[in-house]
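Novice: I have a structure I would like to understand better, so I am pasting it below and will then ask my questions one at a time.
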Amino acid sequence: MKNSYDERVIRYESVTNFSDDMFDDLVAIINPQDGEVILDCGAGYAPVTQAIIGKEPMLDIEYYILEYSIVQLQRAQIEVSELLDSIGQIRSVSYQQNSAASMDYPDNFFDKVVTKMVLHELPAGEQIKMISEIFRILKPGGKLILWQTILDDSTVHFYRNMFRKKDSLAGYDSLVENRNFITQEAFYYLLENARFEKYDLAKAFIYNFNSKYRLYSELKGDLEKLKALNTYLLEMVETEGQGFSEKTQFTFEDDNVSLFFKQGVYLAQKASI
Ligand SMILES: C[S@@+](CC[C@H](N)C(=O)[O-])C[C@H]1O[C@@H](n2cnc3c(N)ncnc32)[C@H](O)[C@@H]1O
């Protein structure tokens, strides 16, 4: 099956409410320091690395960028190089095409691993490997900074089905096959299984899903597909009941289904020796 991320060339900042403030908060949590070695894992076009460089242009950091999709990796290469050129800085940036579930970086290599909206892209068994791999490549005392949607038993099934339907209508078959959104509880289990002892939610954001934002970016402007997505979501919201629709502040107007969820940035630390 071809990798749908080789075709899904969109900007997440335009289909979500990711703002500069959120990236500022992320960089504050990463707290980058001179001389550190930092991995942007599942980087896409590398907005995380670009945010660190943009906010801390003078820090001499060794950047590593890992991506499974060759198309996304090329986007990262172009955008990070252009940013560094535009601010007149030279940095060591290593790009690698590989899966987060089987990285070939050495043990105890990174001060920090940052991974934004990636864990859910991998099937369950691969998620266990990804978090264990991150633990392995972090130095003692090193930190994992992971951004994802905060889900619980009352939202996870809806959220999974919502994206499965959208991805299926968009023709993103590998996303339909692989994506596995998990609850916060299941995520904490992955951290403990990998032997992270200290972890916490460092920051929570409001995340607003709008079906209409996907019309041109992902559904190729096909209004029938947007209507099919909306009909599916309306039926699911009705099945979930009043409590769910209040909790997610569900609205439907002008061909747009709007729902609110939470996202969070988690910080986990590998014990120092
Ligand atoms: C939702 S995007 C997020 C990209 C970027 N981190 C950001 O926040 O803009 C998910 C990214 O994970 C990548 N990805 C999917 N499976 C992966 C894997 N097994 N290993 C590494 N990256 C993967 C996809 O190619 C895609 O670029």
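Every number in this text was worked out from the coordinates using simple rules, so none of it is lab data. Small disclaimer: the values here were computed from a predicted structure and weren't measured. For neighbour counting, all protein chains shown are included, and Cβ atoms are generated from backbone atoms with ideal geometry for every residue, glycine included.
Novice: Over the C-alpha atoms of segment 153-233, what are the Rg and the largest Cα-to-Cα span, Dmax, in Å?
Specialist: According to the Cα coordinates of segment 153-233, Rg and Dmax are 15.9, 49 Å.
Novice: Let me ask something else about it. Under 17 Å Cα to Cα from Lys112, which lysines show up? Leave out anything in the same chain fewer than 8 places away.
Specialist: In chain and number order, the partners are Lys55, Lys139, Lys143, Lys198, Lys270.
Novice: Further question on the same structure: Most exposed first by the Cβ proxy, i.e. fewest other Cβ within 10 Å, how do Ser4, Ser211, Ser14 rank? Please list the in-between numbers first.
Specialist: Numbers: Ser4 19, Ser211 22, Ser14 10.
Sorted ascending by nearby Cβ count, the order is Ser14, Ser4, Ser211.
Novice: Compute the acute angle (0 to 90°) between the alpha-carbon long axis of helix 156-170 and the principal axis of greatest extent of the alpha-carbon atoms of the chain; round to the nearest 10°.
Specialist: Tilt relative to the chain: about 80 degrees.
Novice: Express the C-alpha Rg of segment 130-273 as a ratio against the empirical globular expectation 2.2 N^0.38 Å, rounded to two decimals. Before the final figure, lay out each step's value.
Specialist: Working: Rg = 17.7 Å, N = 144, 2.2 N^0.38 = 14.5 Å.
Relative to the 2.2 N^0.38 Å estimate, segment 130-273 comes out at 1.22.
Novice: May I pose another question? Answer rounded, prolate or oblate for segment 30-116, using the Cα gyration tensor with square roots of eigenvalues a ≥ b ≥ c: rounded when a/c is under 1.5, else prolate when a/b is larger than b/c, else oblate. Write out the running numbers ahead of the final one.
Specialist: Numbers: a/c = 1.94, a/b = 1.19, b/c = 1.63.
Oblate, since a/c reaches 1.5 and b/c is not below a/b.
Novice: Could you work out the percent of alpha carbon pairs in segment 1-59 separated by over 14 Å, rounded to a whole number? Show your work: numbers first, answer last.
Specialist: Working: 1071 of 1711 pairs.
Distances greater than 14 Å cover 63 percent of the Cα pairs.
Novice: Quick one: compute a quarter of the convex hull surface over the Cα atoms of the chain and quote it in nm². Kindly include the intermediate steps, with their values, before the conclusion.
Specialist: Values: hull surface 56.5 nm².
If I average the Cα hull's projected area over directions, I get 14.1 nm².
Novice: Right, here's the next one. Direction-averaged shadow area of the convex hull around the Cα atoms of segment 31-181, nm²?
Specialist: Values: hull surface 38.1 nm².
Mean projected area of the Cα convex hull: 9.5 nm².
Novice: Relative to the longest principal Cα axis of the chain, at what angle does helix 124-137 sit, 0 to 90 degrees, rounded to 10?
Specialist: Around 20 degrees separate the two axes.
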